[in-house]
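Working notes for the structure below.
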Amino acid sequence: MYRRCGFRYERKLRAIGVVRVAGIDEAGRGALAGPVVAAATVLPEKFRHRKLNDSKQLAPDLREEIYEELTGNGEIAWAVGVVDSIEIDRINILRATHRAMRDALAALSFPPEHVLIDGLPVIPFPLPQTAVVDGDCYSLSIAAASVIAKVTRDRIMREFCARFPEYCFSQHKGYGTELHLTKLHEFGPCPIHRRSFEPVAQPLFALEGVV
């Protein structure tokens, strides 16, 4: 169901004196290959955007357009954190996602006073936080982060597609689509596949793949 994003959570915080609020979201958590990417954004109080919403509800061309608008706006502070597949396998996807979020936050030029996080609370976390389930549908700050994270990761996966063209990463971005599973079965895993994920971890794939 479509929900129009707004500043309801940001306004509640500003009403109690919290001015600098960041939104954080991730992309790639459920993929079988490639990194997990998180973005943090701090929007100006008077920011408005008629098309900005949860990145999953936006067509790819529109996501790219909004990404350029967000990152090209000097009044918007933003940063990303990227954790690769090797680290995901080493520490698990939940810890890797939380690390990417903390890295994105740390990369902001000025730290926010409070953070709105899509989904569940992140523990430990260096700043006060509010976790918002489906936050990218309700908070413009989180929605902006979702677009930046998604576009950043899609561009990374297109670069990987040039290195590993047989897997067609530019089409499925590493998610477990029928095409990806077919290619995985045909060629086995490549260096950016997450060995700790099913079905990449299945013995057949592990034996056939590049190590």
**Fill in**
If unit charges are put on Cβ atoms (+1 for Lys and Arg, -1 for Asp and Glu) and the dipole of the chain is taken about its Cα centre, the option from 36, 161, 108 lying farthest towards the positive end turns out to be 108
**Request:** Please report, in debye to the nearest 20, how large the charge dipole of the chain is about its Cα centre when each Lys and Arg carries +1 at its beta carbon and each Asp and Glu carries -1 there.
**Result:** 620 debye
**Fill in**
Checked against the positive end of the charge dipole of the chain (+1 on Cβ of Lys and Arg, -1 on Cβ of Asp and Glu, about the Cα centre), the farthest of 9, 142, 72 is 9
**Fill in**
One computes Rg over Rh for the stretch 164-208 from alpha-carbon atoms, with the Kirkwood Rh, and obtains 0.91
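Output the antiparallel fraction of DSSP beta bridges having both residues in the chain, as a percent to the nearest 5.
Values: 13 of 22 bridges.
Roughly 60 percent of the beta bridges in the chain run antiparallel, per DSSP.
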**Fill in**
In deg cm²/dmol, rounded to the nearest 500, the helical mean residue ellipticity at 222 nm of the chain, built from -39500 (n - 2.57) for every DSSP H run of length 4 or more, is -12500 deg cm²/dmol
**Item:** Cβ-placed point charges (K, R +1; D, E -1), dipole of the stretch 164-208 about Cα centre in debye, nearest 20
**Value:** 180 debye
**Asked** So, counting K/R as plus one and D/E as minus one, what does the shell of residues with Cβ under 14 Å around residue 161 add up to?
**Response** +3
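Quick note: the coordinates plus some simple rules give every number you see, no bench work behind them. Quick caveat: nothing in here was measured; it's all calculated off a predicted structure. FYI the Cβ positions are ideal-geometry reconstructions off the backbone, even for glycines, and counts take in every protein chain you see.
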